[in-house]
Amino acid sequence: MSSTFTTSLVSGAAAGCTVDLVLYPLDTIKTRLQAPAGFWRSGGFKGVYAGIGSVLMGSAPSGNARAISRWWGGGGAAIWAECSVL
């Protein structure tokens with residue numbers, strides 16, 4: 001296994017987990033703001049990270065899949081060039 005492949009795996013997992021750690025509580029707060037019962041009755045700011053473990057279990061493999069597809073495809077620049085042609 002080459003070092004660029006391993007780097008892609010690690011960086012993909014880190015990127016996927018970082019995105020979910022940042023955005024998960026924001027999504028929870030947004031959902032509670034939209035709840036018919038109201039923000040405070042739906043839980044307010046308590047437990048905004050409840051359930052994050054199962055989300056992280058899926059975000060690391062998802063980030064890996066994206067990073068590996070870019071690695072096999074020749075990098076992000078090649079993918080964007082193909083998309084702009086379409």
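The values are calculated or read from the model by the stated rules, or taken from the named source; none is laboratory data. Here the structure is a predicted model, which means the values were calculated and not measured. Here the Cβ is made from the backbone with ideal geometry for all residues, glycine too, and neighbour counts use every protein chain on show.
Some observations on this one:
- Matching residues, segment 1-44, being surrounded by fewer than 16 Cβ atoms within 10 Å (Cβ to Cβ) and touching a residue at least 60 places away in the same chain (Cβ under 8 Å): Thr4, Phe5
- In segment 32-72, the qualifying residues are those that are assigned to a helix (DSSP H, G or I) and modelled with pLDDT of 95 or more, and the one that is nearest to Thr6 (Cα to Cα) is Arg32.
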